[in-house]
Number of protein chains: 2
Amino acid sequence: MKDPKATGPQSCEDCPIRHRAVCARCETDELEKLEDIKYYRTFEAGQTVIWAGDPMDFVGSVVSGIATLTQTMEDGRRQMVGLLLPSDFVGRPGRDGAAYDVVATTDLVMCCFRKKPFEKMMMETPHIAQRLLEMTLDELDAAREWMLILGRKTAREKIASLLSIIARRDATLQLAGMRGPLVFDLPLTREAMSDYLGLTLETVSRQMSALKRDGVIELEGKRHVTIPDLPRLLEEAGDDADGGMMA
Amino acid sequence: MKDPKATGPQSCEDCPIRHRAVCARCETDELEKLEDIKYYRTFEAGQTVIWAGDPMDFVGSVVSGIATLTQTMEDGRRQMVGLLLPSDFVGRPGRDGAAYDVVATTDLVMCCFRKKPFEKMMMETPHIAQRLLEMTLDELDAAREWMLILGRKTAREKIASLLSIIARRDATLQLAGMRGPLVFDLPLTREAMSDYLGLTLETVSRQMSALKRDGVIELEGKRHVTIPDLPRLLEEAGDDADGGMMA
DNA sequence: CGACATCTTGACTACAGTCAATACTAGTGG
DNA sequence: CCACTAGTATTGACTGTAGTCAAGATGTCG
C-alpha cells in the first residue's frame, strides 16, 4: 500500500511510458501543454476506477499496474473486454459516460488528463490524434483476435492463448528477446481469467491443472508460471507455431 | 450481375455515403484531392475482396452492399470479426498486408484509395484522421459488444442479438424511427450467421426455428424476417429492454 | 426435370457448466 | 503459537447445451 512505485513520475521526461503512450509523438512544447492538464491518480488492487455509465471527466494512460475493462449483464454474467497494461489508454474523447467498468487488478498508477482540455488539444495537435488512432487500431486488432478465441477455441486452447498473450506482452515490455524458458506472474485471479475467456472459474482451474500435468506449463504456487517451451504453448493455443511474431 | 446500382456514383457530391464515410468531414478542396486517388471496384456476391496476408495496395469504403471480415484457423474453424455496411472502412493505413479475409456477401461497390497517397493525405489532412479515429472507436465498441455475445450469451440469445443488431442498423440507415413491426431481409446465410456467432449452422437453424415457433420472429422463406415486437426481441437477446438506443 | 446450394430436423455425443465438498494461503486475534 | 476466518483455488460427480453425424426437405437455376 505504501509502495513507493505506486506514485507518478516527477515529469514527462522521466515517465516510463513516455514513448509508448498517447503522448509518444509529442514534442517538448506539446508535452508542456499536456503537463498543465494532467494529474496522477493511484488505485489499490481491487479498487474500481470507474463504473460503466458513470460520468467521466478525464481520460488517461496506465502508467504502472494492470486494469481490466468488463461488461456486465443484468443477471450478473460478466465478460472482460480489455486488459490494460502500462501505456494503454482509458476513456473515449467525445463521450461523457464510461462504457465499461474499469477495475485495478494490481496497484495502479494512472496519468489522467482533464477531458475537455484534452479534447481541445486533440483538435489542435495532430501528433496526439495520430498516436491515438494507431493505438486504437491496435486495440481493435486485439479485440478481433479475442473474438476468435471466444467464438471458436476450446477451453484448453483459450487458456493457452491467454498465457501466451501475457507471456508475449511481458517479454516485449521488459526483457525483450531473451532465450530460454519464460517466467512470469499471472496478474489475474482464476475468476478474472474466466471473465476474460468466457469460461467458468472451475473450467479455468481444471485446464490449468491439465496443462501443468501435461508439462506445457509449470506452476509454483497459484500465480507463478514458467513456460519451458513457448512453441509448444503456441501449438496448444491453436496459433501458428511458426515464426509467430507481432507486427 | 448487371444491376445498374452495382456501379459507383459519378462524383463525391452524389455519393450516398458522403456524410458517413471516412471523408465525412472533408471540405470541397479536400474531396477534390481524394477524387484524384480514388477508383471504384465492384464485386459479386460471394467474391473474395482480399485474402488475409495478401499485400493490399488500397484502403477504402463500402459504398453499397455488405462485406464480412473473417479469420480462419489452420484446421478450418472460422470466426467473423466484422460486418461491413455502407460507409464502413476497409484496410489499415500503415499496414501492408490484409489482416483478415474480406468477402462480399452481397453485390458490393467499394470506393478505393491508393494506399500510399492516402497515407500521405492522412498526415496532411486532420479531417480525415479525425473521422477515421471516430469510426475506429465505434468499431472497437462494436467489437467489444461482440465479445460479450461470443463469451457469455446462449445460442438463443446470440441469434436474437444478431437479429436485433441487423434490425437496428437497417432501421437507422433507411427508415429512421418508424413505428410498428420491423421487416428486413437477412443479408447472411445460416453459415455466415454461425461464423458470426461462434455456433454451428445446425444450431443457428434450430434456434431460428425456435424463435419462430415462439412468435419472437416471423419468417417468410429463409431470409425475410419480421419482428412484430422489438422489445420482446431485445429481451430475448439479454439486452436492457428499456429505452435501449445507441449513443 | 434434375442438380446443387441451402436449410431443417433428428438421434446421439461430448465439452463445459453447475453444484458441492475440500484444500490451500494469508491475515486476525485470543 | 495456534485457532479461526475469509478469500482463492482445486477436484469430483452429475447435468445440460451445443456439437457432430446423418437423412431429408426446400429452393433456385440451367
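Laid out as a table, the results:
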item	result
Two-site FRET efficiency, A:HIS127 against A:GLU35, from Cβ-Cβ distance with R₀ of 22 Å, rounded to 0.05	0.90
Shape call, the range A:1-139: gyration tensor on alpha carbons, a/c limit 1.5	oblate
Estimated FRET transfer efficiency (B:ARG168, A:ASP96; beta-carbon r; R0 22 Å; 0.05)	0.50
Accessible area per residue in Å² at 1.4 Å probe, computed on chain A	47
Within chain A, longest stretch clear of exposed GluC sites (Glu not before Pro) (DSSP loop, no more than 12 other Cβ within 10 Å)	A:75-247
Distances in nm from A:ARG232 to the matching label points in the other copies, shortest first (labels 7 Å along Cα to Cβ)	5.6
Sequence-distant residues sharing a close amide H with B:ASP107 (under 5 Å, placed H)	B:ALA45
Cα-based shape type of the range A:154-236, given that a ≥ b ≥ c are square roots of the gyration tensor eigenvalues and the cut on a/c is 1.5	prolate
List of the range B:132-149 residues, accessible area with partners at least 50 Å² below that of the chain alone (1.4 Å probe)	B:LEU133, B:THR136, B:LEU137, B:LEU140, B:ASP141, B:ARG144, B:MET147, B:LEU148
With DNA, RNA and ligands ignored, accessible area of A:TRP51 (1.4 Å probe; Å², nearest 10)	140
10 Å Cβ neighbours from other chains, averaged over peptide A:122-129	2
Approximate spin-label separation B:GLU13-A:ASP57, in nm, with each point projected 7 Å along Cα-to-Cβ	4.8
Prolate/oblate/rounded call for chain A, Cα gyration tensor, a/c under 1.5 rounded	prolate
Carbon plus sulfur fraction of accessible area for the range A:12-147, probe 1.4 Å, in percent	49
Amide hydrogen neighbours beyond the local backbone of B:PHE58, cut-off 5 Å, H modeled	B:LYS115
List of the range A:79-103 residues, accessible area with partners at least 40 Å² below that of the chain alone (1.4 Å probe)	A:GLN79, A:VAL81, A:ARG92, A:TYR100
Carbon/sulfur fraction of accessible area - the range B:154-236, other protein chains in place, 1.4 Å, %	50
Interface size B-A, as summed buried accessible area [1.4 Å probe, Å², nearest 100]	4100
Largest-first ordering by accessible area, 1.4 Å probe, given options B:VAL183, A:VAL225	B:VAL183, A:VAL225
A:MET193 accessible area, 1.4 Å probe, all protein chains in place, Å² to nearest 10	0
Interchain or long-range residues, amide H under 5 Å from A:VAL81's placed H	A:LEU69, A:THR70, A:GLN71
Degrees between helix B:28-37 axis and first principal axis of chain B (Cα, 0 to 90, nearest 10)	90
Computed [θ] at 222 nm, helices only, for the protein assembly as shown once each DSSP H run of length n ≥ 4 contributes -39500 (n - 2.57)	-12000 deg cm²/dmol
FRET efficiency for A:ASP240 and A:VAL183, using Cβ-Cβ distance with R0 set to 25 Å, rounded to 0.05	0.60
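The values are calculated or read from the model by the stated rules, or taken from the named source; none is laboratory data. Keep in mind that what you see is a predicted model, and the values were worked out from it rather than measured. Cβ atoms come from the backbone with ideal geometry, glycine included; neighbour counts cover every protein chain shown. These accessible areas exclude ligands, DNA and RNA; they are computed on the full protein's heavy atoms, side chains included. Shrake-Rupley method; radii C 1.70, N 1.55, O 1.52, S 1.80 Å.
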